[in-house]
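The values are calculated or read from the model by the stated rules, or taken from the named source; none is laboratory data. In this text, all values refer to a predicted model and were calculated from it rather than measured experimentally. All Cβ positions, glycine included, derive from the backbone under ideal geometry; neighbour counts span all protein chains shown. Note: accessible area is taken over every heavy atom of the protein model, side chains too, but ligands, DNA and RNA are not part of it. Shrake-Rupley method; radii C 1.70, N 1.55, O 1.52, S 1.80 Å.
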Amino acid sequence: MWLVFDVDGVLIDTSESYDVATKLTAEYFLSKLGKTIEIPLDAIRELRRKGSFPDDFKLSEAIIIGALTGDLKDFVNEFPLGAGVEWVRDKFGVALDGCEIRRVFNTYYLGTIYENRLFDYPGLWRLEKPLVDVNLLREASKHFRLGVVTGRDSLEMELAERIIGFRFEHVVTRDVIEKPDPRALYLITKGESAVYIGDSGSDEVMVKEYRKIYGDVKFFKVGRDVKDVNEAINFILLVSVR
């Protein structure tokens, strides 16, 4: 059986990295447009929870457009479950330069290891902390095949493995297929029995679409079905390993 993980918010605490990089990126673009708007981290986290965003560049774009076009709190409250940046573009008739968003975001997130940075910045990835007990991962690897489906690219995944202290042999990053495309999960499982542990709207959409095409996969959503990834792993070990 496969045990497959999302990374951000599941294996790693990114509340001081990706969320803050999204905030700083949005505020950077808004200031360039002459708007002084502070973006609350709660708005970013709620939109991440509700929406389906393959990466934080598109999440940043949605936040920027939402802040430009009215009250950000109302925008987040009205955002449909499972929708993505395409819904925002269609609703407001606005799209932003994704390449420029990527460059600004990576300047904040990757910092000095990003060659194309706009300015020197330490890199918010350095503030990330593991959420998973690495000893639990090692125990789980004795009984299950472990994999990762993540919105990170290959470099960001290497940083995550460094922080966790564990290397996954089976990984699908956004370089290969972007979530919520269910093929990302199928590349790992090949339709075999699996449990997926995630935390976002994108994870829910991916699992829902996977079930339509490839068959059943069990799903634990952190923050709803379980308190954290460690509770999920402990439960799976308890019921699966005799």
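Solvent-accessible surface of region 136-192, averaged per residue with a 1.4 angstrom probe and all protein chains in place: 47 square angstrom. The slack in the chain from T36 to V94, taken as 0.36 nm per residue of separation less the alpha-carbon distance, amounts to 18.9 nm. Database remark: amide H of G82 closer than 5 angstrom to the amide H of G51, S52 (H placed geometrically; neighbours at sequence offset of 5 or more, or on other chains; Pro and chain starts carry no H).
Sorting the segments 20-31, 80-91 by their residues' average number of neighbouring beta-carbon atoms within 10 angstrom, most packed first, yields 20-31, 80-91. Can you work out D for region 30-145 in µm² s⁻¹ from Stokes-Einstein, where Rh is the Kirkwood radius over C-alpha pairs, the temperature is 20 °C and the viscosity is 1.002 mPa s? The Stokes-Einstein estimate is 132 µm²/s. Between beta-carbons, use under 9 Å as the cut-off and find the net charge around D19, counting Lys and Arg +1, Asp and Glu -1. Its environment carries a net charge of +1.
Considering amide H positions built from the backbone, and no H for Pro or chain starts, which residues 5 or more places from G147, or on another chain, come under 5 Å of its amide H? Amide H neighbours of G147: L3, V4, F5.
Computed from backbone phi with θ = phi - 60° and the Karplus coefficients 6.51, -1.76 and 1.60, the 3J(HN,Hα) list for region 131-139 is 9, 8, 7, 4, 5, 5, 4, 5, 5 Hz; x is used for glycine and proline. Excluding same-chain neighbours fewer than eight residues apart, the lysines reachable from K58 by a Cα-Cα span under 19 Å are K23, K32, K50, K73, K91, K179. 3J(HN,Hα) couplings calculated from phi for region 44-53 with the Karplus curve 6.51 cos²θ - 1.76 cosθ + 1.60 (θ = phi - 60°) are, in sequence order, 5, 5, 5, 5, 4, 5, 7, x, 10, 10 Hz; Gly and Pro show x. Using the Karplus relation 6.51 cos²θ - 1.76 cosθ + 1.60 with θ = phi - 60°, the per-residue 3J(HN,Hα) values for region 82-94 come to x, 6, x, 5, 4, 4, 5, 4, 5, 5, 9, x, 10 Hz, with x marking Gly and Pro.
Probing with 1.4 Å while keeping every protein chain in the model, the per residue accessible area of region 1-56 equals 37 Å². Across the protein chains, with a 1.4 Å probe defining accessible surface, the residues M157, M1 rank M1, M157 from largest area downward. Given the choices (1) -0.45, -0.62, -1.04; (2) -0.33, -0.52, -1.11; (3) -0.30, -0.47, -1.03, log10 I(q)/I(0) by the Debye sum over Cα atoms at q = 0.08, 0.10, 0.15 Å⁻¹ derived from the coordinates of this structure is entry (3).
Reported to the nearest whole Å, the Cα centre-to-centre distance from region 97-122 to region 35-96 is 21. Take each peptide in 115-126, 162-173, 180-191, count the other Cβ atoms within 10 Å of every residue, and average; sorted highest first, the result is 180-191, 162-173, 115-126. What you get for region 30-146, charging only the Cβ of Lys and Arg (+1) and of Asp and Glu (-1), is a dipole of about 340 debye around the Cα centre. Each residue, R162 and S15, gets one label point 7 Å from its Cα in the Cβ direction; the gap between the two is 2.4 nm.
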